[in-house]
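Report on the following structure.
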Amino acid sequence: MPAGRASDAVGLVLAAGAGTRFGAAKQVAQLGGRPLIQWPIDALRAGGVEHIVVVLGAHADAVRQALGAVESVVAADWAEGISASLRTGVAAAQARGADRVLVVLGDQPHLTGVAVARVLAASRRGAPFCRACYGGVCGHPVALGRETFAAIAALRGDAGARALTRWSPVDVDCAGAGAPADVDTPADLGAACALLAAGRALAPVPPRR
């Protein structure tokens, strides 16, 4: 597929975890009238990613119901660690002819479309491994080009993109464009709800055109 088309990138939302610290299926916990899983999906869409695949594992049936028409795949070996989810997602993207994947986590409601758009643009300029950095703290979204797919297929355990030591990541400045904070506990969710109640936006911000 020609570079620069929205279809050259597949957004991967990794949402296979059991949410042990949360004590329930946090992916479907409500935040601002939406399931938690919907926030990173909306960030990908706001950043220009049209094709999105959610990788499920624990609580797959409950999360799938919350997704509606969004495509999903199940990482059968999800309990192995994040590498299983990443492998499954990348395999799904390869089957769709993707040149790159944009990876986000299903429990990150503070991600924005601005950050997604910046990382996607950096990836399209030819960097195999790009990641968002927020004032020195680097995290998601992460863009991985097809050059990395074979190495991802070899990952095992709780090894994510950071284990791809063959490529030095390109750090993309996303300061002021969201944050990579996770919702790991009910207290984290309560803090995000409090931000919304105080009128502070969590909603993905569309990129400037």
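Would you tally the residues in the range 27-50 being touching a Ser or Thr at 6+ places or on another chain (Cβ under 9 Å) and surrounded by fewer than 19 Cβ atoms within 10 Å (Cβ to Cβ)?
Residues of the range 27-50 that are touching a Ser or Thr at 6+ places or on another chain (Cβ under 9 Å), as a first pass: 43, 46-47, 50.
From what is left, the residues that are surrounded by fewer than 19 Cβ atoms within 10 Å (Cβ to Cβ) are 50.
So the answer is 1.
Of the residues in the range 59-98, how many are part of a loop (DSSP other than H, G, I, E, B) and touching a strand residue (DSSP E or B) at 6+ places or on another chain (Cβ under 7 Å)? Give the steps one after another, and end with the answer.
Kept after step one, since they are part of a loop (DSSP other than H, G, I, E, B), are these residues of the range 59-98: 68-70, 75-77, 81, 96-98.
From the residues that got through so far, the ones that are touching a strand residue (DSSP E or B) at 6+ places or on another chain (Cβ under 7 Å) too are 70, 75, 96, 98.
So the answer is 4.
Hey, GLN27 hits all of (1) closer than 15 Å to LEU189 by Cα; (2) touching a Gly at 6+ places or on another chain (Cβ under 6 Å); (3) part of a loop (DSSP other than H, G, I, E, B) but one; which does it fall short on?
Result: GLN27 fails condition (3) only.
Return the residues of the range 172-195 that are among the acidic types (Asp, Glu) and either loosely packed, with under 15 Cβ neighbours inside 10 Å or in contact with a Leu (Cβ under 6 Å, 6 or more places away or on another chain) (or both); say none if nothing qualifies. Show your work before the answer.
Taking the range 172-195 as the starting set, the residues that turn out to be among the acidic types (Asp, Glu) are 173, 182, 184, 188.
Passing the criteria: only ASP173.
Looking at this structure, is VAL70 β-branched (Val, Ile, Thr), crowded, with 21+ Cβ neighbours inside 10 Å and in contact (Cβ under 8 Å) with a residue 12 or more places away in the chain? Step through it out loud before you land on a result.
On the way: β-branched (Val, Ile, Thr): yes; crowded, with 21+ Cβ neighbours inside 10 Å: no; in contact (Cβ under 8 Å) with a residue 12 or more places away in the chain: yes.
Answer is no for this residue.
Taking only pairs six or more apart or across chains, which ones have beta-carbon atoms under 6 Å, a first residue in the range 172-183 that is touching a residue at least 12 places away in the same chain (Cβ under 8 Å) and within 17 Å of LEU196 (Cα to Cα), and a second residue that is among the hydroxyl-bearing types (Ser, Thr, Tyr) and in a loop (DSSP other than H, G, I, E, B)?
ALA177/THR112; GLY178/THR112
What residue, of VAL205, VAL114, is at pLDDT 90 or above, surrounded by 16 or more Cβ atoms within 10 Å (Cβ to Cβ) and of a type in the set (A, V, I, L, M)? Give the steps one after another, and end with the answer.
Numbers: VAL205 fails: at pLDDT 90 or above.
Unique residue meeting the criteria: VAL114.
Could you tell me which numbered condition LEU105 fails, if it satisfies all but one of (1) within 22 Å of PHE22 (Cβ to Cβ); (2) surrounded by 20 or more Cβ atoms within 10 Å (Cβ to Cβ); (3) touching a Phe, Trp or Tyr at 6+ places or on another chain (Cβ under 7 Å)?
(3)
Just give me the residues in the range 128-182 being among the charged types (D, E, K, R) and part of a strand (DSSP E or B), in sequence order.
ARG131, ASP171, ASP173, listed by residue number.
So, LEU164, is that one among the hydrophobic types (A, V, I, L, M, F, W, C) and touching a residue at least 60 places away in the same chain (Cβ under 8 Å) or not? Step through it out loud before you land on a result.
Details: among the hydrophobic types (A, V, I, L, M, F, W, C): yes; touching a residue at least 60 places away in the same chain (Cβ under 8 Å): no.
For LEU164, the condition - among the hydrophobic types (A, V, I, L, M, F, W, C) and touching a residue at least 60 places away in the same chain (Cβ under 8 Å) - is not met.
If you take the residues of the range 120-130 that are in contact (Cβ under 8 Å) with a residue 60 or more places away in the chain and buried (at least 21 other Cβ atoms within 10 Å of the Cβ), which of them is nearest to GLY48 (Cα to Cα)? Give the derivation first.
Taking the range 120-130 as the starting set, the residues that turn out to be in contact (Cβ under 8 Å) with a residue 60 or more places away in the chain are 120, 123-124.
Checking which are buried (at least 21 other Cβ atoms within 10 Å of the Cβ) leaves us with 120, 123.
Details: LEU120: 9, SER123: 13 Å.
Here the residue is LEU120.
The values are calculated or read from the model by the stated rules, or taken from the named source; none is laboratory data. What you see is a predicted model; the values in this text were computed from it and never measured. So basically every Cβ, Gly included, is an ideal-geometry build from the backbone, and we count neighbours across all protein chains shown.
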